[in-house]
Amino acid sequence: MRDRAISAAVLVPVLLLVLAIGGPVLDVAIALATALAALEVFRLLRSGGYPTFSALGTALALVVVLDAAFPEVLEGSGLLLGGVGIVLVAVASFSRPDPRDGLSVWMATMFGALYVSLLSFVIGLGHAAPDHAAGAPLHGLGSERGWILLLVLAVWSYDTGAYLVGRNFGRTRFLTHISPSKTIEGLLGGVVATTAAVGLLLIGLGQNPLHAAALGPLTALAAQAGDLAESTIKRAAGVRDSGTLIPGHGGILDRVDSFLFAGPIVTLYVLALVR
C-alpha cells in the first residue's frame, strides 16, 4: 500500500500536467504508454504460449497512434493501416516452418498490436470532441483537453467507486474464473461513481448533464470490461501483474487497461450523440 501511495503521488500530478499541456506532449505520452504496454502484452502472450513478432507488433501499434495524432494526413486510414498490418505480419509468418505455428504468430501479433493501439482513442476523442458552449466552466481547457479529462476522471471514478464499495460491501462475486475479487456491489458502486463524475464534467463542458444517464454506465461497464480483458490475458500467462515498472501498481498495461475499452466507447458516443 505504501508503494502504491508513493507511485500515485508521483504519477497523478505528472499525468494531469501532461493533460493540461495537451497537444504534442499528450501525443508523445500516449505513444510512449502504447509502446510500453505493447512490450508487456507481447511478453504476456509469449508466457501464455502464443509466440509473437513483438517488434513488428509494437511498430504497428505506434503507427496507429501516430495516425490518430495526425488524422488530417490520411482521412479514414484506420482500416487501411489494419489491412496493411495484416499483410505485413502474414508475410513475416511465412518464415515459420510449421504453418500452424505461423498462423498462431500471425494472429497473436495482430491481436497484441490492435489491442494496445486502442489507447489511440484517447487522442481520437480529443479530435472528435465538440466545442465547449460559451461560458462553460471548463471553457479554458479547450475541447480536446476537456473531453479527455472527462474520460480520465470517469475511469478513475469507476476504479475508486468499485474498489471502495466492493471492499466494504461486496458479497456477490462474478466471473471469478477471471478475477476472483470482483463483486456485483463493487460494479454498481463504480457505475454510480462514474455517472456522477460524468454528469459533473458534462456541466463543466457546457453539455446537457442528462447524457450522463447513458454515458456514465456505458463508460463504467467499458472500463470494467477492459480490466477483465487484461485479467484474461494475465490469467492465460499465469501472472498477477503485467510488469513491475510502477511499484505497487504493476506495469503500464495494468494502469491503462480500462482506457483501452472506455476510450472507443466514449469517442463513439460523442461522435454519435453529442453536439
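Numbers at a glance
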{"item": "Sequence-separation-based contact order of the range 2-273, relative, with Cα cut under 8 Å and 6+ spacing, percent", "result": "22 percent"}
{"item": "Ranking of 244, 232 by count of other Cβ atoms within 10 Å, fewest first", "result": "244, 232"}
{"item": "In order through the range 55-68: 3J(HN,Hα) via Karplus (6.51 cos²θ - 1.76 cosθ + 1.60), integer Hz, x for Gly, Pro", "result": "5, 5, x, 5, 4, 5, 4, 5, 5, 5, 5, 4, 4, 5"}
{"item": "Gaussian network model of the chain, Cα within-10 Å springs - most flexible of 127, 177, 211", "result": "177"}
{"item": "Calculated FRET value between residue 172 and residue 196, using beta carbons and R₀ = 22 Å, to 0.05", "result": "0.50"}
{"item": "nm² value of the averaged projected area, convex hull over the Cα atoms of the range 128-260", "result": "8.9 nm²"}
{"item": "In Hz, Karplus ³J(HN,Hα) per residue of the range 236-246 (6.51, -1.76, 1.60; θ = phi - 60°; x = Gly, Pro)", "result": "5, 7, x, 10, 8, 10, 6, x, 10, 5, 10"}
{"item": "Full-stretch length increase - residue 95, residue 46 - with 0.36 nm per residue and alpha-carbon distance subtracted", "result": "15.9 nm"}
{"item": "Order of 16, 62 - criterion: other Cβ atoms within 10 Å of each residue's Cβ, fewest first", "result": "16, 62"}
{"item": "Selected from 114, 15, 60 as most flexible by GNM, with the chain as the system and alpha-carbon contacts under 10 Å", "result": "15"}
{"item": "For the chain, the longest site-free run once GluC sites (Glu not before Pro) in DSSP loop states with at most 12 other Cβ atoms within 10 Å are removed", "result": "76-275"}
{"item": "Karplus 3J(HN,Hα) series, Hz, for the range 139-155 with 6.51 cos²θ - 1.76 cosθ + 1.60 (x for Gly, Pro)", "result": "4, x, 6, x, 5, 4, 5, x, 6, 5, 4, 4, 4, 4, 5, 5, 5"}
{"item": "Kirkwood hydrodynamic radius of the chain, Cα pairs, Å", "result": "19.5 Å"}
{"item": "Likely footprinting exposure, 116, 65, 239, fewest C-beta neighbours within 10 Å first", "result": "239, 65, 116"}
{"item": "Of 46, 171, 145, the one that fluctuates the most in a GNM where the chain has Cα springs shorter than 10 Å", "result": "171"}
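Bear in mind that the values in this text are calculations on the coordinates, not laboratory data. These figures come from a predicted structure and were not determined experimentally. So basically every Cβ, Gly included, is an ideal-geometry build from the backbone, and we count neighbours across all protein chains shown.
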